[in-house]
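A.B. asks: Below is the structure I would like to discuss, written out as structure tokens.
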Amino acid sequence: MTDQGGFEWDHTLYKYEQIAQVIAERIRTGAYPPQTVLSEVRFEQEFGVSRPTVRLAFKILREENLIVTKPGRGSVVLRRGSAEGS
């Protein structure tokens, strides 16, 4: 099934897992360099999901040490990750 932006959902995974994978890949490829502020609202709109779904995706990214979330300040990219050996 295709949602907003032409994104193809894999029905074998939860949407928040897929969103986390997409954002992680963007971080690893440098599309979101360190210190980039990630907007929950933007991802809600891009993927056509609710805020709690985006927050679950961000939780995965925090567990992978790709982002940090600070109350009142938002979520910020920490590093590119290890896909390219970084």
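The values are calculated or read from the model by the stated rules, or taken from the named source; none is laboratory data. All of these numbers come straight from a predicted model, not from anything done at the bench. We place every Cβ from the backbone using ideal geometry, glycine too, and count neighbours over all the protein chains shown.
A.B. asks: Could you tell me which residue of the stretch 23-40 is surrounded by the most Cβ atoms within 10 Å (Cβ to Cβ), considering only residues that are within 20 Å of Trp9 (Cβ to Cβ) and touching a helix residue (DSSP H, G or I) at 6+ places or on another chain (Cβ under 8 Å)?
C.D. replies: Here the answer is Ile23.
A.B. asks: Looking at the stretch 17-61, which of its residues are within 19 Å of Arg79 (Cα to Cα) and aliphatic (A, V, I, L, M)?
C.D. replies: Within the stretch 17-61, Ile19, Ala20, Val22, Ile23, Ala24, Ile27, Ala31, Val37, Leu38, Ala57, Ile60, Leu61 meet the criteria.
A.B. asks: So, in the stretch 28-46, exactly how many residues are more than 12 Å from Ala57 (Cβ to Cβ) and either touching a residue at least 24 places away in the same chain (Cβ under 8 Å) or part of a loop (DSSP other than H, G, I, E, B) (or both)?
C.D. replies: Looking only at that region, the number is 12.
Yes/no matrix, rows are residues, columns are (1) out of contact with any strand residue (DSSP E or B) (no Cβ under 8 Å at 6 or more places or on another chain); (2) farther than 14 Å from Ala20 by Cβ; (3) at pLDDT 95 or above:
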{"site": "Pro33", "(1), (2), (3)": "no, yes, yes"}
{"site": "Leu38", "(1), (2), (3)": "no, no, yes"}
{"site": "Val54", "(1), (2), (3)": "yes, no, yes"}
{"site": "Glu63", "(1), (2), (3)": "yes, no, yes"}
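A.B. asks: Can you pull out every residue in the stretch 47-67 that is out of contact with any helix residue (DSSP H, G or I) (no Cβ under 8 Å at 6 or more places or on another chain) and not in a helix (DSSP H, G or I)?
C.D. replies: Asn65
A.B. asks: Please tell me if Tyr14 is closer than 23 Å to Gly72 by Cα and of a type outside the set (A, V, I, L, M, F, W, C).
C.D. replies: no
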